[in-house]
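I have placed the structure first, in the form of structure tokens, so that the comments after it can refer back to it.
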Amino acid sequence: MSATPHQPTVTEREARQVAEAAREQDWRKPSFAKELFLGRFRLDLIHPHPMPAEDDVQRGEEFLAKLRDFCETKIDSARIEREAQIPDEVIDGLKDIGALGMKIDTKYGGLGLTQVYYNKALALVGSANPAIGALLSAHQSIGVPQPLKLFGTQEQKDVFLPRCARTDISAFLLTEPDVGSDPARLATSAVPDGDDYVLDGVKLWTTNGVVADLLVVMARVPKSEGHKGGITAFVVEAGSEGITVENRNAFMGLRGLENGVTRFHQVRVPAANRIGPEGAGLKIALTTLNTGRLSLPAMCVGAGKWCLKIAREWSAAREQWGKPVALHEAVGAKISFIAATTFALEAVVDLSSQMADENRNDIRIEAALAKLFGSEMGCLMADELVQIRGGRGFETAASLAARGERAVPAEQILRDLRINRIFEGSTEIMHLLIAREAVDAHLSVAGDLIDPDKSLSDKAKAGANAGVFYAKWLPKLVAGPGQLPRSYGEFNRHVDLSPHLRYVERNARKLARSTFYAMSRWQGRMETKQGFLGRIVDIGAELFAMSAACVRAEHLRLTGQHGREAYQLADAFCRQSRIRVDELFGRLWSNTDDLDRKVVKGVLAGTYEWLEQGVIDPSGDGPWIADATPGPSRKENVHRPIR
């Protein structure tokens, strides 16, 4: 794809270097998931299950009760779907109860909720209407509050956080019409001019951008005397002169989403509004997402709970061949999958969130795995619900109501959840991101061996370091507690979960051996083996989910909260998960990856163009990617702040 005149031309290697520079390089705290990928099953890092403080629980439960009442009495999800817009009075009501400031410290006027209760609130409000969940999540998880909390100056916090807590909606602007997960090609510029920066460029898919009061904008500062330059983060007033919201985008789902296209033309931003130093923008964005990604799987938990409720009620009422459809094995298997997966996903999200609150562990991989696992499984659960409902699952809630049946929006939740596999890092990008972290230990000791730009002396030094590391590490992958029949015996209660934890331990070592073998085999070409890396990550996600499910079951047993039933659900999930893991291990080495690459080259070369004959393309005219040349806007400004 050729670059437009203003678009930086970036090689593949340069793009990787930009992404690598933005990564957090150090591991100052332990990480359960990082250890898992290295073949070390550190159950002690997650068991016993971490517990919240009593005052955090009280504050969280009080807000959840208030939010539940608001959702039940003030939110009309059918109206939002029908009008494709969240009513202003609903957003005003959310402001009144403090929902904009759930994660903002009380000293700035926020509620100061923990990550655990913030996620529970998102699951609740997202079940009432997913577009509202997306609005609140984009505002607090990736919008102005989170980057300021982590990287802002005290002056910036004092100025902006009180506004974000009660009145101002924020948005995060990174994506551009020709820039998605490759930020090295970012074209929006921020040119220093005295005490200001002047912004020019176009941002795409700005969730909340249509109604936002404050924006976090990523822009490229040119390198010059006194300016380091690089991708930099700014807080920008959405009503500034030169900002035009040129379009409110419409999607297959989340019809109430206030998502737009925003153009900047000669927009002056005070240097005091820069977040962190020049060139730190991507690091700020990625660090913000470390915990921010937990909001999406949290809403998937809410979706799973709703899918289970509808599946239970419908399949008990609907009879086929003399008995409820739930009692037919073909349908029952789907219900079991929804129940077991909802339990495991809630275990993953709650565990990751509680670890984030404790700040004792590094959860960057856990949060990424939760996002990956939750978004994929959420879509599967919704799809299974539609199948269970049959024709009624495909029919809209409005149509069902019009002919006198319960207005169940099953098809809507399937449409609404589909974006989660793309939002905040697509599944494919998450695979690569997590895989990079998973092989970090290997690259830190042996990376120079496979780097073509390194000298022979560097390679020799790396070889020596790698020899020392692998001499200690590899023997530990041969045997472990997973081979001892009585290991993890404390999980043998109403149901025996200890075999599942032994399975996790054995297969964590197998996963590490597989990764090492692949690196030895492919060396520098390892990064191109995206199919292999994706399966490695998916195995890790399943092992993490199995661990979390078992730990949660034991936690619920100890606290007297449905322990027996929790053990049953954990057992069901682990048995289902083990089947998927075994299949993924088989596909590591038995797959069609090489053949697929040949077919793709043929498709791009037009070799199979004859296969496309016999159809009509209903697509309209126009370029594949809209022109994003900087300059004044020629469109009406559809920005509508809600005040």
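Could you check, for the stretch 276-284, whether at least one of its residues is touching a strand residue (DSSP E or B) at 6+ places or on another chain (Cβ under 9 Å), assigned to a loop (DSSP other than H, G, I, E, B) and open to solvent by 30 Å² or more (accessible area, probe 1.4 Å)? Scanning the stretch 276-284, I find at least one residue that is touching a strand residue (DSSP E or B) at 6+ places or on another chain (Cβ under 9 Å), assigned to a loop (DSSP other than H, G, I, E, B) and open to solvent by 30 Å² or more (accessible area, probe 1.4 Å), so the answer is yes.
Residue check: is Gly126 open to solvent by less than 30 Å² (accessible area, probe 1.4 Å) and at positive phi? No. The set of residues from the stretch 487-500 being open to solvent by 10 Å² or more (accessible area, probe 1.4 Å), out of contact with any Phe, Trp or Tyr (no Cβ under 7 Å at 6 or more places or on another chain) and not charged (D, E, K, R) comprises Ser487, Tyr488, Gly489, Asn492, Pro499. Determine whether the stretch 497-514 contains at least one residue that is aromatic (Phe, Trp, Tyr), without any contact (Cβ under 8 Å) to a residue 60 or more places away in the chain, out of contact with any Asp or Glu (no Cβ under 9 Å at 6 or more places or on another chain) and closer than 30 Å to Leu533 by Cβ. Looking for residues that are aromatic (Phe, Trp, Tyr), without any contact (Cβ under 8 Å) to a residue 60 or more places away in the chain, out of contact with any Asp or Glu (no Cβ under 9 Å at 6 or more places or on another chain) and closer than 30 Å to Leu533 by Cβ, one finds none in the stretch 497-514, hence no.
Condition check for Asp440 on (1) open to solvent by less than 50 Å² (accessible area, probe 1.4 Å); (2) touching a helix residue (DSSP H, G or I) at 6+ places or on another chain (Cβ under 6 Å); (3) touching a residue at least 40 places away in the same chain (Cβ under 8 Å); (4) over 30 Å from Ala84 (Cβ atoms): one failure, at (2).
The residues of the stretch 309-332 that are without any contact (Cβ under 8 Å) to a residue 40 or more places away in the chain and either within 22 Å of the chain's Cα centre (by Cα) or under 26 Å from Asn420 (Cα atoms) (or both), listed by number, are Lys309, Arg312.
Using the structure shown, decide if Arg406 is part of a helix (DSSP H, G or I), modelled with pLDDT of 90 or more, in contact with a helix residue (DSSP H, G or I) (Cβ under 7 Å, 6 or more places away or on another chain) and open to solvent by 50 Å² or more (accessible area, probe 1.4 Å). So Arg406 does not fit the description; no. Is it fair to say Gln85 is open to solvent by 40 Å² or more (accessible area, probe 1.4 Å) and at pLDDT 95 or above? Here the answer is yes, as Gln85 does meet what is asked. Of the strands (runs of 3 or more DSSP E) lying entirely inside the stretch 187-236, those containing at least 1 residues that are aromatic (Phe, Trp, Tyr) are 196-207. Can you find a residue in the stretch 206-225 that is among the small types (Gly, Ala, Ser), closer than 17 Å to Gly281 by Cα and open to solvent by 10 Å² or more (accessible area, probe 1.4 Å)? Among the residues of the stretch 206-225, not one is among the small types (Gly, Ala, Ser), closer than 17 Å to Gly281 by Cα and open to solvent by 10 Å² or more (accessible area, probe 1.4 Å), which makes the answer no. Being farther than 24 Å from Ser375 by Cα, touching a residue at least 40 places away in the same chain (Cβ under 8 Å) and not β-branched (Val, Ile, Thr) holds for only one residue in Met526, Met546, and it is Met526.
Taking each residue of the stretch 97-122 that is on the phi > 0 side of the Ramachandran plot and surrounded by fewer than 24 Cβ atoms within 10 Å (Cβ to Cβ) and looking for partners that are not in a loop (DSSP other than H, G, I, E, B) and not hydroxyl-bearing (Ser, Thr, Tyr) with beta-carbon atoms closer than 6 Å, six or more apart or interchain, yields Gly109/Pro162; Gly109/Ala165; Gly109/Arg166.
Only one entry in Tyr517, Tyr567, Tyr503 is open to solvent by less than 60 Å² (accessible area, probe 1.4 Å), in a helix (DSSP H, G or I) and under 27 Å from Phe469 (Cα atoms), namely Tyr503. The residues of the stretch 142-185 that are open to solvent by less than 30 Å² (accessible area, probe 1.4 Å), among the polar types (S, T, N, Q) and more than 21 Å from Gly279 (Cα to Cα) amount to a single one, Ser170.
Within the stretch 445-457, the set of residues being surrounded by 14 or more Cβ atoms within 10 Å (Cβ to Cβ) and either in contact with a strand residue (DSSP E or B) (Cβ under 6 Å, 6 or more places away or on another chain) or at pLDDT 75 or above (or both) comprises just one member, Lys454.
Among the residues of the stretch 484-521, those that are closer than 25 Å to Asp538 by Cα and among the basic types (Lys, Arg) comprise Arg502, Arg506, Arg509, Lys510, Arg513, Arg521.
Determine whether Leu372 is part of a helix (DSSP H, G or I), at pLDDT 95 or above, surrounded by 24 or more Cβ atoms within 10 Å (Cβ to Cβ) and aliphatic (A, V, I, L, M). Here the answer is yes, as Leu372 does meet what is asked.
So, of the residues in the stretch 594-643 that are among the aromatic types (Phe, Trp, Tyr) and exposed (fewer than 10 other Cβ atoms within 10 Å of the Cβ), which turns out to be nearest to Phe264 (Cα to Cα)? Steps first, answer last, please.
Taking the stretch 594-643 and keeping what is among the aromatic types (Phe, Trp, Tyr), we get 608, 610, 624.
Of the ones still in play, those that are also exposed (fewer than 10 other Cβ atoms within 10 Å of the Cβ) are 610, 624.
Numbers: Trp610: 44, Trp624: 22 Å.
Among residues in the stretch 594-643 that are among the aromatic types (Phe, Trp, Tyr) and exposed (fewer than 10 other Cβ atoms within 10 Å of the Cβ), the one nearest to Phe264 (Cα to Cα) is Trp624.
If you go through the stretch 410-432 one residue at a time, do you hit one that is modelled with pLDDT under 80 and either within 30 Å of the chain's Cα centre (by Cα) or β-branched (Val, Ile, Thr) (or both)? No, the stretch 410-432 contains no residue that is modelled with pLDDT under 80 and either within 30 Å of the chain's Cα centre (by Cα) or β-branched (Val, Ile, Thr) (or both). For the stretch 375-393, taking the residues that are of a type in the set (A, V, I, L, M, F, W, C) and more than 21 Å from Ala316 (Cβ to Cβ), the one that is surrounded by the most Cβ atoms within 10 Å (Cβ to Cβ) is identified as Met377. Would you please list the contacts, defined by Cβ atoms under 6 Å and residues six or more apart or on different chains, that run from a residue in the stretch 36-52 that is part of a helix (DSSP H, G or I) to a residue that is surrounded by fewer than 19 Cβ atoms within 10 Å (Cβ to Cβ)? Matching pairs, first to second residue: Leu45/Pro30.
On inspection, Ala316 qualifies as hydrophobic (A, V, I, L, M, F, W, C) and open to solvent by 20 Å² or more (accessible area, probe 1.4 Å). For the stretch 11-35, the candidate set comprises residues that are at pLDDT 90 or above and outside any helix (DSSP H, G or I); within that set, the residue that is surrounded by the most Cβ atoms within 10 Å (Cβ to Cβ) is Ser31. The requirement of being surrounded by fewer than 15 Cβ atoms within 10 Å (Cβ to Cβ) and within 27 Å of the chain's Cα centre (by Cα) is satisfied by Ala250.
The values are calculated or read from the model by the stated rules, or taken from the named source; none is laboratory data. None of the values given here were measured: they were computed from a predicted structure. All Cβ positions, glycine included, derive from the backbone under ideal geometry; neighbour counts span all protein chains shown. Only protein heavy atoms, including side chains, enter the accessible area calculation; ligands, DNA and RNA are left aside. Shrake-Rupley method; radii C 1.70, N 1.55, O 1.52, S 1.80 Å.
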